Amino acid sequence: MITDIVLQATPREELGKNASRRLRAAGRIPVAVYGEGRDAAAVSINARELGAILRSESGRHSIFTLAVEGGDDATVKIHEIELDPITNKLVHLDLMRISLTEATRVSVPLEFVGEPVGMKLNGGMLEVHLHAIDVECLPKDIPSAIQIDVSNMDVGDQLLVNQIPVDTDAVKVVTGEDHL
């Protein structure tokens, strides 16, 4: 989901483990920015500003502008978040530059709405195997989530990816059609 958030970034002069530790101690996160046929860049961003983006409605699926000090602005999306396995704090971030005029592939979360008939009347359970599917579309058309009404499902029913209702023709589902 495209947002009008602008995140300020500072180029990193020092690279490596110790430099990254000093950045994190100062409240900044080391970031790698790459994509769109341009050279990769090492920058740092304010951890609080990033936290505001991650807590927003679109969360880690946000598309925002990265303004690099002394450089050019780029439209980016979060590609990978690295967390410390013990403290669960953000350690490193990968941002990918994207074009607003070319289709991009993203993972969109699935939201299941309603209580299945099979659960209500027959004591069944709703078993979910996929929590997100991959779609390809222009950045402006990326849905924040795809809602699936499961209220008509009975015991033994299954829903394949090709049966998931996608609201618009601009969004193409790329996850295999036979996945559950």
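The values are calculated or read from the model by the stated rules, or taken from the named source; none is laboratory data. Since we're looking at a predicted model, the values are computed, not measured. Cβ placement follows ideal geometry from the backbone for every residue including glycine, while neighbour counts extend to all protein chains displayed. All accessible areas refer to the heavy atoms of the entire protein, side chains included, with ligands and DNA or RNA removed. Shrake-Rupley method; radii C 1.70, N 1.55, O 1.52, S 1.80 Å.
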Original post:
For residue 89, which lysines qualify as cross-link partners when the Cα separation must be under 29 Å and same-chain residues fewer than eight apart are set aside?
Top reply: 17, 77
Subject >> Cα-centre dipole for the range 39-177 with unit charges at Cβ (Lys and Arg positive, Asp and Glu negative), debye to 20 >> reply: 300 debye
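So, counting K/R as plus one and D/E as minus one, what does the shell of residues with Cβ under 12 Å around residue 23 add up to? Numbers along the way, then the final one.
Details: positive: 12, 17, 21, 22, 24, 28; negative: 13, 14.
Net charge in that neighbourhood comes out at +4.
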Original post:
Quick one: of the DSSP bridges fully inside the range 11-158, what percent are antiparallel, nearest 5?
Top reply: 75 percent
**OP:** Could you tell me what percent of the accessible area of the chain is made up of carbon and sulfur, with a 1.4 Å probe and every protein chain present?
**Re:** 48 percent
**OP:** Give me the Kirkwood hydrodynamic radius of the range 73-142, using the inverse of the mean 1/r over all pairs of distinct Cα atoms, in Å to one decimal.
**Re:** 15.7 Å
Original post:
What per residue convex hull volume, in Å³, comes out for the range 1-81 when only alpha-carbon positions are used?
Top reply: 94 Å³
Original post:
Given 121, 71, 147, which one lies farthest toward the positive end of the charge dipole of the chain, if we put +1 on the Cβ of every Lys and Arg and -1 on the Cβ of every Asp and Glu?
Top reply: 71
Original post:
Nearest-5 percent of antiparallel DSSP beta bridges in the range 80-166?
Top reply: 70 percent
Original post:
What is the log10 of I(q)/I(0) for the chain, computed with the Debye formula using one identical point scatterer on each Cα and no solvent, at q = 0.09, 0.11 Å⁻¹?
Top reply: -0.42, -0.60
**OP:** Could you do me a favour and compute the accessible area per residue for the chain, 1.4 Å probe, result in Å²?
**Re:** 61 Å²
**OP:** Please identify, among 47, 74, 25, the residue showing maximal mean-square fluctuation in a Gaussian network model of the chain using a 10 angstrom Cα cutoff.
**Re:** 25
